[in-house]
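Computed from the coordinates by the stated procedures, all read-outs in this text should not be read as laboratory data. The shown structure was predicted, so the numbers you read here are calculated from the model rather than taken from an experiment. Neighbour counts run over all protein chains shown; Cβ positions are idealised from the backbone, glycine included.
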Amino acid sequence: MPRPTQAFIDLSALTHNLTIVRQYAPHARIMAILKANAYGHGLLHTAGALKDVDGFALLELDAAICLRNAGYRQPILLLEGFFSTEELAIFEQYQLSAVIHHNEQIAMLSVSRCHKLDLFIKINTGMNRLGLALEQFPQTISHLIGNQYAKSITLMTHFACADVPSEKENVTQQLQCFEAVTKGYNYPCSLANSAAIIRHPETHTDWVRPGIMLYGASPFPDRTASELNLQPAMTLSSKIIAIHDLKAGDRVGYHGLFQADHPMRIGIVACGYADGYPRHAPTNTPVLVDNQRSRLLGRVSMDMLAVDLTGIENVGLNSLVILWGKEISVDEVAQSAETTSYELLCALAPRVERIVSQ
Ligand SMILES: Cc1ncc(COP(=O)(O)O)c(C=O)c1O
């Protein structure tokens with residue numbers, strides 16, 4: 001029997017979440033973000049479930065080529081663009097769109113004049129991650145237009161704080177900055193990630209770029225995915241592979257971080273940080289054992305973790321354990337481990353078998 005650690009990917013949840021994106025942004029085109037192996041869910045079946053979107057975006061060139069070879073005809077945007085002149089021929093061959101965020105990239109286009117691409121010009125409106133400086137933008141765009149480097153142009157930016165309830169003003173500032181600098185240029189625009197799609201409809205413009213909400217997690221600390229009517233697309237599960245009865249005073253796992261203060265029964269689950277479960281999840285992080293809520297005990301190890309079996313009925317070797325999924329959301333686990341659902345989903349290890357269901 002193979003190791004029982006598995007991730008179930010629910011394609012109907014992905015499709016459902018796409019309908020929620022459409023409800024929030026009925027007039028925008030949708031560019032589904034598939035970077036990092038579709039946030040850990042697996043590229044091709046995720047793309048299949050989202051096949052009706054207007055475009056895909058990611059930042060791994062091999063994955064983009066894989067999508068094109070699989071027959072998808074919609075725009076495929078590389079979010080960090082190209083890194084060398086050599087890549088330009090590949091972009092053209094596979095009809096890939098590129099984010100331009102730096103004048104170096106324009107220099108590459110001018111060296112290799114023959115390649116005309118669909119370009120998304122990214123403007124830094126305050127996040128200070130990627131994007132042309134505001135004062136650079138007019139000159140750069142005239143240069144692009146003047147030299148006819150682009151097959152098409154779209155203008156974009158990215159919000160730093162759309163997910164933070166107290167930072168509404170920051171989103172407004174970035175939006176105003178974008179509007180001011182792009183005023184007078186009649187090109188389609190793309191601004192909104194999941195948080196902005198839900199909370200800032202004024203940012204929708206022509207293309208929205210949902211990521212996390214498609215996978216059924218909440219972009220917000222103050223609203224759950226189920227409140228947003230999003231369905232989790234991934235369930236991470238494993239089984240109990242050992243059971244121990246502890247006396248008061250017995251300690252559990254590396255460094256004995258958990259100590260029993262009364263006799264208790266614990267289960268050892270075949271899932272650890274080498275599978276993608278967060279090592280920093282503390283005692284009391286919720287888990288579901290045979291459909292009953294329980295908790296993690298002690299330090300997560302590379303391949304295993306311990307759970308409390310106190311009061312859990314009918315449990316034994318091979319009992320099913322859900323680490324995250326419908327009843328215990330990935331957001332809840334992330335919050336307990338002081339991280340985000342993004343990090344947990346992306347960190348799902350290649351050794352975990354992904355089982356896809358319709
Ligand atoms: C440029 C860009 N757009 C859109 C997204 C999607 O963001 P989210 O997953 O929060 O919807 C990301 C993800 O980090 C991104 O980097």
The local net charge around Thr172, scoring Lys/Arg +1 and Asp/Glu -1 for residues other than Thr172 whose Cβ lies under 12 Å from its Cβ, equals -2
What's the longest uninterrupted piece of the chain once you rule out the GluC sites (Glu not before Pro) that are loop residues per DSSP with at most 11 other Cβ within 10 Å?
1-134
Two pseudo-spin positions, 7 Å from Cα along C-beta at Ala349 and at Ala160, lie apart in nanometres by 3.6 nm
Number of Lys pairs in the chain closer than 20 Å at Cα, excluding neighbours under 8 places apart unless interchain, is 6
Net charge near Gly253, counting Lys/Arg +1 and Asp/Glu -1 over other residues with Cβ under 13 Å of its Cβ?
0
Is there a quick way to get the dipole size of region 234-357? I mean about its Cα centre, with the Cβ of Lys and Arg at +1 and of Asp and Glu at -1; what is the value in debye to the nearest 20?
180 debye
Taking placed amide H atoms and a strict 5 Å upper bound, the residues 5 or more places from Val287 or on another chain that come that close are Ser294, Arg295, Leu296
How much net charge surrounds Leu96 when only the other residues with a Cβ under 10 Å from the Cβ of Leu96 are counted, with Lys and Arg +1 and Asp and Glu -1?
-2
Grab the DSSP H runs of the chain that are 4 residues or longer, score each as -39,500 (n - 2.57), total them, divide by all residues and round the 222 nm result to the nearest 500 deg cm²/dmol.
-7500 deg cm²/dmol
